[in-house]
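For reference, the structure discussed in these notes is given below.
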Amino acid sequence: MPRPLILLAALTLIASAAGRADYSLVTVADGLDNPWSLAFLPDGGYLVTERTGTLRRISVDGTVSAPLTGVPESYFAGQGGLLEVALDPAFDTNHLVYLSYAQGELKANATHVARGTLTKDGLADVEVIFTANPAKGTPQHYGGKLAFMADGTLLLTTGDGFDYREEAQNVDSNLGKIIRINRDGSIPEDNPYADRGMPGAAVWSYGHRNPQGLVVDPNTGIVYEHEHGPRGGDEVNRIEPGHNYGWPAICWGVDYNGARISPYTELPGMEQPLTYWVPSIAPSGMAIYRGDRFPEWDGDLFVGALVDKEVRRLVLDDGVVADQEALFSDLDERIRDVRVSPDGYLYLVTDSDQGRILRVER
C-alpha cells in the first residue's frame, strides 16, 4: 500500500481551480449548548444532540424546541455526554431514532447506544441495544459515531478510554474498535469474530484510538473513518472488516509529554491511513459529498477540524487522498460535525455553549 500523504502545518493547502466552489453560509439555528450531531428529518427539520444531555428538534424555519422527553441520562464529564443521533433507514415507517452517549460514573462508564420511537414531544419505548464492554474509569475517548451500512446494519465507533490504549489491540474488548450490530442490537452472523462470543463478536475492526468521524459512501459502500492521534497522527482510514489499524503498536504522533509511544509507524498486518496530520487538527465529524448542488465536490470527504477551526476537504482519486483544501476558516469556530442533507446541501455544526448549525449554499 502506498505511503500516506503527510500534511504538515507549514504546507500550503491549494486545491485545483476546478475543485473550488463559490458558497455562502446561512445560519439555520443558534444558541445551542455544545451541539454534537445532526440528523435530517423527512419534513425538512432536524434533530440535534447537545453534549450536555439534551435532544432538540429544529423546525424548517429554525425554531429550536424545548428538550425532548425520553432521552436516556448521559454521563456529562470530560469528553462524555450525549453524542450522536441517527435515523433508522426505515424511519419513514417506524420512526426509530438511535442515540450514542456516555453513561455511568467516573469509576465505571462506557459508550452506549439506545433507540426509541420519535413522537411529537420526545422518544418513546426507549431501549439500550449496545453497551461497550469493559467499562472504563476515565471520562475520555468514547468515539460514539454511528453510521448505517447498505445492508441495514449499524456501525459504532468506540474510543480506547485514554488510559486503556493496549485494549485497542484486544479483539475481545470493545475499547478502540468499530462495532457492527443489527438494528435491534443483535450480532450479525458474518462479523469477523462472531464465533468468539461477546464482547468480541461485535467487533468489526480494531486498533483505533478515538474515532470521531465515520461515513459510508452511499455510491460505493466504502466505509471511511477518522480518529484523533495523540500529539500528531490524526488519521483517515478506509475500513475493512477484521483489519487492524495499528494503535498503539504503530503511530505517527508522540505522547502528550513528548515521549515516543511506539518506535514503529508501520508493521506487517497493520493498515496504513489514507492520510494523517502532524501536528493534529483534532478531526471531528465527517461527510462524503454526494449531491447536485456542488458537483465539483462529488466524492470528496469533508472533515471538521476543532483545533484549526475549519473544514478540510479531501479530494479522493482512486481511493488515494490526492489533494486537500481548507474551507470555512473565516468562521473562526470549532467545527464539531459535518453533514450532507438529502437535498445536497453541506451542513456544519459548531462546538461551543452558543453553538450554531450552518448551511452551505450557492
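Reported to the nearest whole Å, the Cα centre-to-centre distance from segment 60-118 to segment 144-177 is 18.
Using the Cβ of Asp195 as centre and a radius below 15 Å, the other residues enclosed give a net charge of -1, where K and R count +1 and D and E count -1.
Dividing the mean sequence gap of close Cα pairs (under 8 Å, 6+ apart) by how many residues the chain holds gives a relative contact order of 15 percent. Computed from point charges on the beta carbon alone (+1 for Lys and Arg, -1 for Asp and Glu), the dipole magnitude for the chain about its Cα centre is near 480 Debye.
A simple rule links phi to the HN-Hα coupling: the Karplus curve 6.51 cos²θ - 1.76 cosθ + 1.60 with θ = phi - 60°, which for segment 287-296 gives 9, 10, 7, 9, x, 9, 6, 10, x, 5 Hz, with x for Gly and Pro.
Could you tell me the distance between the Cα centroids of segment 221-266 and segment 284-356, to the nearest Å? Between the Cα centre of segment 221-266 and that of segment 284-356, the gap is 21 Å.
With each label modelled as a point 7 angstrom along the Cα→C-beta vector, the Ala322-Leu106 pair spans 5.2 nm. As a calculated quantity, the FRET efficiency between Glu73 and Asp172 at R0 = 30 Å, using C-beta atoms, amounts to about 0.55.
Counting Lys and Arg as +1 and Asp and Glu as -1 over every other residue whose Cβ lies under 9 Å from the Cβ of Gly253, the net charge comes to -1. Under 5 Å from the amide H of Asp234 lie the amide H atoms of Gly229, Trp277, Ile281, each residue being 5 or more positions distant or on a separate chain, with H modelled from the backbone and absent for Pro and chain starts.
One entry in [x] 33, 24, 20; [y] 27, 26, 19; [z] 38, 20, 19 is semi-axes √(5λ) of the Cα gyration tensor in Å calculated from the shown coordinates; its label is [y]. For Ala29, the residues 5 or more places off, or on other chains, whose built amide H falls under 5 Å of its own are Ile357. Distant-in-sequence amide contacts of Ala322, defined by a placed amide H-H separation under 5 Å and a gap of 5 or more residues or a different chain, comprise Val315, Leu316, Asp317.
Laboratory data are not the source of any read-out in this text; all were calculated from the coordinates shown. All figures in this text were calculated on a predicted structure; none of them were measured in a lab. When we count neighbours, we look across all protein chains shown, and the Cβ atoms used for this are built from the backbone with ideal geometry, even at glycine.
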